[in-house]
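Data first, discussion second: the structure below is written as structure tokens.
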Amino acid sequence: MKNTVFKVGMLLIVCLLSFAALYSYSKNDETASISKFSKINKVYTGENFVKPSDKELKEKLSKMQYKVTQKDGTEPPFKNEYWDNKEPGIYVDVVSGEPLFASVHKYKSGTGWPSFFETIAKENIVSKVDKSLFRTRTEIRSKNADSHLGHVFEDGPADSTGLRYCMNSAALRFVPKDKMEEEGYAKYLTLFEENPKL
């Protein structure tokens, strides 16, 4: 009996160690994928952007980034990179680098996803009717990359636009304010100057 209990105990320990190793590899692999893709799109090319093939996207994006941007997925609330990010900077499409949102328009919505009351470049935003999940919503996609970003709702701050752009962190890449000029986003630095409208 003692021998059987010992064997079962050892088997459980081996299983737990294997799971921990697999989880660690998965997290490292995801981080590596994000880093690799970010380096490729270091400088914004604007209209010269050519969307990579599906095969390339699978290689360059993390599993969550691919699921969200290419398969219209949704990441878990409160367990994503930018939901509570308070650093100054802008948020761009993770695939194309299209500028989309800025920290000056970000607010705490309590939903667990990064939320903004307006976009910094309406020309880079495409709205579509989404009738999935048994209700009608307005889906938001990026223009050049056609990435699924999230949805927009009319329950945002009443003292501004009244809109809530509820985005997936996995669809975005954050560019800190001090990196914006070198990465091709200098024109958006004016957002951070003293402006009573912001």
(message) Order 110-122, 181-193, 78-90 from most to least packed using the mean count of other Cβ atoms within 10 Å.
(response) 110-122, 78-90, 181-193
(message) Greater than 20 Å separation of Cα atoms is the criterion. Which listed pairs, LYS79/LYS177; LYS71/LYS131; LYS67/LYS122; LYS79/LYS179; LYS86/LYS106, meet it?
(response) LYS79/LYS177; LYS67/LYS122; LYS79/LYS179
(message) Per residue of segment 185-192, what does 6.51 cos²θ - 1.76 cosθ + 1.60 with θ = phi - 60° give for ³J(HN,Hα)? Whole Hz please, x for Gly and Pro, Karplus curve as stated.
(response) 10, 4, 5, 8, 5, 5, 4, 9
(request) Find how much the distance from THR190 to ALA158 grows on full extension, using 0.36 nm per residue of separation minus their present alpha carbon separation; answer in nm with one decimal. (result) 9.1 nm
(message) Apply the Karplus curve 6.51 cos²θ - 1.76 cosθ + 1.60, θ = phi - 60°, to the phi angles in segment 140-145 and return the couplings in whole Hz, x for Gly and Pro.
(response) 10, 10, 7, 5, 6, 8
(request) Please get the size of the charge dipole for segment 75-198, origin at its Cα centre, with Cβ charges of +1 on Lys and Arg and -1 on Asp and Glu, quoted in debye to the nearest 20. (result) 420 debye
(message) Taking θ = phi - 60°, what integer Hz values does the Karplus form 6.51 cos²θ - 1.76 cosθ + 1.60 yield along segment 89-98, in sequence order, with x for Gly and Pro?
(response) x, 10, 10, 10, 4, 5, 8, 9, x, 4
(request) Please list the non-local residues whose amide H lies under 5 Å from the amide H of GLY89, H modeled 1.01 Å from N, same-chain partners needing a gap of 5 or more. (result) SER103, VAL104, LYS177
(message) Charges on Cβ only, +1 for Lys and Arg, -1 for Asp and Glu, centred on the Cα centroid of segment 124-179; of ASN144, PHE134, SER160, which one is farthest towards the dipole's positive end?
(response) ASN144
(request) Quick one: grab the alpha carbon gyration tensor of segment 61-123, order the square roots of its eigenvalues as a ≥ b ≥ c, and give me rounded if a/c is under 1.5, else prolate or oblate depending on whether a/b is larger than b/c. (result) oblate
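FYI, it's all coordinate maths here, none of it is from the lab. These figures come from a predicted structure and were not determined experimentally. So basically every Cβ, Gly included, is an ideal-geometry build from the backbone, and we count neighbours across all protein chains shown.
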